[in-house]
């Protein structure tokens, strides 16, 4: 009788161990399959996320017009959780928001550019907000002094035009939350 209880206990333990071993093997296989799958994963870019952009051309208040399109790009990848969401070099759209030419009396020119949007790696348009403003050199003091010395003719002296040089970097922010779908 002792042997029969031991035999039954050994057989029961062996039978119980087989399904557990098979289950862990199946779980390991499922985990490996999920890790190697080509499924997609959503990643959220929250509103207010800072991005650095670089201007691609020289702008001067003497030559640009309000509403003119301006080219920018991202100098580095934007990544979250190890996934690139916006690639380095991606074009960023923008416009000239305001321009004022230099004027007599020593008043300088001004130019303001604003960014509008960028595309993520999955093609999603991400609205952006941010501006960069440049003001030329003020020459009002010189114009006033020349005006006194030349009996008013010096008042025709103009200030300098505003310039935003190619390669200027500045920070902009995402304007709305967007979900980007990336491969796992």
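Structural remarks
- Checked across segment 142-153, the condition of being at positive phi and either at pLDDT below 85 or outside the structural domain of residue 57 (by TED's automatic domain parsing) (or both) holds for at least one residue.
- If you go through segment 113-132 and keep only what is assigned to a strand (DSSP E or B) and buried (at least 20 other Cβ atoms within 10 Å of the Cβ), you end up with 113, 115, 118, 126, 128, 132.
The values are calculated or read from the model by the stated rules, or taken from the named source; none is laboratory data. These numbers were taken from a predicted model, which means no experiment stands behind them. Note that each Cβ is placed from the backbone with ideal geometry, even for glycine, and that neighbours are counted across all protein chains shown.
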